[in-house]
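Here the structure comes first, spelled out in structure tokens, and everything after it is commentary.
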Amino acid sequence: MAKRLYVGKLPHDVPADEVRNYFESEARVKVMDCRIMTGFGFVEFETLEDAENAVRLDGRDFHGAPLVIQFARENKPRREPPRDMRSRRPGVAVIVLNVSRDVSWQVS
């Protein structure tokens, strides 16, 4: 099982250090990494036991709102693009139909 937790319903302006301190003081655990985005974040713990202790804080009040704390989903490997898409250059493809052979695509 993962040692990384998803933390949701965070205030938009909360710094990572404040979230780290919250977990270390309330759950008495060692936080290895804390990455906060707008309104949510991921916290990684030293041991699985620390993560299990921290997930018990789910629903507790943090800055006036209950936190959502869950084990983070594992990253899925990215799919490779279809074979015919790999060789194409990035950009936009345009298909033009019903055009006379006498028409040139070049501007004169």
Taking N as the residue count of the range 10-68, its alpha carbon Rg divided by 2.2 N^0.38 Å gives 1.02
Could you identify which residue out of ASN98, ASN75, ASN53 has the top mean-square fluctuation in a GNM of the chain using Cα springs shorter than 10 Å?
ASN98
What does the chain give for Rg and for Dmax, in Å, if only its C-alpha atoms count?
24.6, 78
Express the carbon and sulfur contribution to the solvent-accessible surface of the chain as a percent, rounded to the nearest whole number, probe 1.4 angstrom.
49 percent
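Return one whole number: the accessible area per residue of the chain in Å², for a 1.4 Å probe. Numbers along the way, then the final one.
Working: 8980 Å² over 108 residues.
Spelled out: the 1.4 Å probe surface of the chain, per residue, equals 83 Å².
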Which residue, chosen from SER100, PHE23, PHE42, occupies the Cα position most advanced towards the positive end of the dipole of the chain, where the dipole is computed from +1 (Lys, Arg) and -1 (Asp, Glu) charges on Cβ about the Cα centre?
SER100
If I fit a long axis through the Cα atoms of helix 16-26 and take the longest principal axis of the Cα atoms of the chain, what angle between them do I get, 0 to 90°, rounded to 10?
30 degrees
Separation of the LYS76 and GLU26 label points, Cα + 7 Å toward Cβ, nm:
3.1 nm
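The values are calculated or read from the model by the stated rules, or taken from the named source; none is laboratory data. Keep in mind that what you see is a predicted model, and the values were worked out from it rather than measured. Don't worry about glycine lacking a Cβ; one is built from the backbone with ideal geometry, like all the others, and counts go over all protein chains shown. Just the protein is used for accessible areas: all its heavy atoms, side chains included, with ligands, DNA and RNA removed. Shrake-Rupley method; radii C 1.70, N 1.55, O 1.52, S 1.80 Å.
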